[in-house]
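Single-structure report; data block below.
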Amino acid sequence: MSPIRVCILRIEGTNCEQETYDAFLELGAHPEMVHLKELTPETLFTYQCLMIPGGFSSGDYVRAGAIFAARMKSRLFSALKRYVEHGYPVGGICNGFQVLVELGFLPRLSDHPEACLSTNDSARFECRPTLLRLENHCAFTRKMGTGSIYEIPSAHAEGKFVSPHTEELMENGQVIFRYVNSQGHYAGYPWNPNGSQYNIAGVSNEQGNVFGMMPHPERAFHRFQNQEWTRHDHEPGGHGRLVFESIIEYARRL
């Protein structure tokens, strides 16, 4: 069985591509770090997955992810639409989530953004462990249990999910992760580090193959990266590992 080819797309300012690369590599995939200038409509379809990692692309000038998204739109928009329509998985982590929203690929395909990841309510960069409840499944959560709680760290200044379509997303099952407290209840700051509507931490498109989340699963790939890892000897890896395993399982079935 040939390895799944994963394109990890980057430009100046992305800084989580190495951890994302390492996660896929350890699971037997064939990841490649590809600069946006290198990716063409033809080469895009040689990959079974496209990932946009975290960081501060183009210094987050204008808005977080806006410049990266504008450059993608000018070079690849039509090809990316076909890629998604063919069912290929497209994921964005933190800054990558911001890029997909700015691109108009989340929460649904549109010529203009239909959501925003705005400045945290605290008005500062929040770097902290966060607990996420899996609300619904998508291509990126097939190995995870609905209703289960996962510890995946967040690190962002603009992570407050806001959209006029939030209630519709909830009804459609497009809200994948929500922030909860240690008792598993929806709660405010600091459990919700940014003030997102309905504690939203991650959403997908209606088909479930485009997904974005603000917390960083690549930073919780190994068991010892979770806070109380010594109490969970039965777990083969960190909670974030399941996201990458899910992507690979989904891509193999395409």
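The values are calculated or read from the model by the stated rules, or taken from the named source; none is laboratory data. On a predicted model such as this, the values are computed, not experimentally measured, just so you know. Don't worry about glycine lacking a Cβ; one is built from the backbone with ideal geometry, like all the others, and counts go over all protein chains shown.
Gly28 satisfies every condition listed in (1) under 23 Å from Pro153 (Cβ atoms); (2) in contact (Cβ under 8 Å) with a residue 60 or more places away in the chain; (3) over 17 Å from the mean Cα position of the chain (by Cα) except (1). The single condition from (1) over 17 Å from Phe161 (Cβ atoms); (2) touching a Gly at 6+ places or on another chain (Cβ under 8 Å) that Leu242 fails is (2). I'm told Pro215 meets every condition in (1) over 13 Å from the mean Cα position of the chain (by Cα); (2) under 25 Å from Asp22 (Cβ atoms); (3) part of a loop (DSSP other than H, G, I, E, B) except one. Can you identify the failing condition by its number? So the condition that Pro215 fails would be (1). Every test in (1) surrounded by fewer than 21 Cβ atoms within 10 Å (Cβ to Cβ); (2) in a loop (DSSP other than H, G, I, E, B); (3) modelled with pLDDT of 95 or more; (4) on the phi < 0 side of the Ramachandran plot is passed by Gly237 save one, and that test is (3). Of the residues in segment 5-21, none is of a type in the set (Phe, Trp, Tyr), modelled with pLDDT under 95 and either assigned to a loop (DSSP other than H, G, I, E, B) or out of contact with any Phe, Trp or Tyr (no Cβ under 9 Å at 6 or more places or on another chain) (or both). If you go through segment 25-61 and keep only what is exposed (fewer than 13 other Cβ atoms within 10 Å of the Cβ) and either touching a helix residue (DSSP H, G or I) at 6+ places or on another chain (Cβ under 7 Å) or among the basic types (Lys, Arg) (or both), you end up with Lys37, Tyr61. If we scan segment 77-92, do we find a residue that is of a type in the set (Gly, Ala, Ser) and without any contact (Cβ under 8 Å) to a residue 40 or more places away in the chain? Yes - at least one qualifying residue is present in segment 77-92.
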